[in-house]
Amino acid sequence: MALSHEEQTRIDLAATFRIIAHLGMHEAVANHFSAAVSADGKQFLLNPKWKHFSRIRASDLLLLNADDPACADNPNVDATAWSIHGQIHRLLPQTRAVLHLHPVYTTAVACLATPHIPPIDQNTARYFNRVAVDELYGGMADTEAEGARLAGLLDGKSRLLMGNHGVMVTAPSMGEAFDDIWTLERSCQILVTAWSTGQPLRVLSDDVAEKTARGWEGIADFSRQHFEEMKQLMIEADASVLD
Ligand SMILES: [Zn+2]
């Protein structure tokens, strides 16, 4: 029997938590991912508060409505996640997947006085002129105003490098979001490693960086296939992800 859209989204989102934990990109029992399930983007799935990514099952995911403030009263809903993911799904209905992490290398770049990702290779060039930067970290966000401010920064850009904090990636599908946050972390690992040599970098020209970024934008199917391959690895390793 064919799965409903919500059932498939539950499986994809649960698998993403397993994959990210498998790759060591999670942090303690913090961080949140969400995925829209309704056509208007306002009904969305979110991971429950303080559950380790590697233990999240499809049936654990909370179904919330971005227009319903009562969702904040659910004891399994993390206040910061509701403030940020709720506002993004309310204000940016085209967004189907929202991933927030504090991966080590991306966060290190986000902690620079001027967070930036110069195009020095194929991975970093993917992000050329395509990442919004928030330089106004003010402590743990738990207000709708802060969520709305962050959603405003994402309007027109799909990635937000969150200064002194981490990263937020949005995408039209879970596969594209997963591959994007993975490649961003890989980019920052290459960049930090290159910077750590103390040698001058050979930064790509704007023309080559732009051409490379457009090349990436033309292969969204590569991103989705990366996710399908990782998902299959997780499913083979642990069939309970489907529960
Ligand atoms: Zn965070």
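What follows is calculated from the coordinates using simple rules that are stated; it is not laboratory data. Note that the structure is predicted; figures quoted are calculated from it, not measured. All Cβ positions, even for glycine, are placed from backbone atoms using ideal geometry, and neighbour counts span all protein chains on display.
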Quick one: count up the residues across the stretch 62-84 that are hydrophobic (A, V, I, L, M, F, W, C), more than 16 Å from the ligand (Cβ to nearest atom) and either in a loop (DSSP other than H, G, I, E, B) or within 20 Å of LEU101 (Cα to Cα) (or both).
2
Residues of the stretch 101-117 satisfying the condition of being more than 13 Å from the ligand (Cβ to nearest atom), in a helix (DSSP H, G or I) and among the small types (Gly, Ala, Ser):
ALA108
When you go through (1) away from the ligand (no atom under 13 Å from the Cβ); (2) not in a loop (DSSP other than H, G, I, E, B) one by one for VAL98, which number turns out not to apply?
(1)
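Any idea which of THR183, THR170 is surrounded by 17 or more Cβ atoms within 10 Å (Cβ to Cβ) and within 16 Å of the ligand (Cβ to nearest atom)?
Matching residue, one of THR183, THR170: THR170.
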Report whether or not ARG90 is crowded, with 18+ Cβ neighbours inside 10 Å and either within 14 Å of the ligand (Cβ to nearest atom) or more than 16 Å from the chain's Cα centre (by Cα) (or both).
yes
Counting only residues that are among the aliphatic types (A, V, I, L, M) and over 18 Å from the mean Cα position of the chain (by Cα), the stretch 105-129 contains a total of 4
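Looking only at the stretch 118-160, count every residue that is of a type in the set (Lys, Arg), closer than 16 Å to ALA171 by Cβ and within 16 Å of the ligand (Cβ to nearest atom) and tell me the total.
The total comes to 1.
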Being crowded, with 22+ Cβ neighbours inside 10 Å and touching a residue at least 12 places away in the same chain (Cβ under 8 Å) narrows it down to one of THR143, THR124, so name that one.
THR124
Just checking, which of ALA132, ALA35 is within 15 Å of the chain's Cα centre (by Cα) and under 23 Å from ILE11 (Cα atoms)?
ALA35
Residue list for the stretch 153-179, filter: under 18 Å from ALA30 (Cα atoms), outside any strand (DSSP E or B) and without any contact (Cβ under 8 Å) to a residue 60 or more places away in the chain:
GLY163, ASN164
Within the stretch 24-44, of all residues that are among the aliphatic types (A, V, I, L, M), touching a helix residue (DSSP H, G or I) at 6+ places or on another chain (Cβ under 7 Å) and more than 16 Å from the ligand (Cβ to nearest atom), the one nearest to THR80 (Cα to Cα) is ALA35
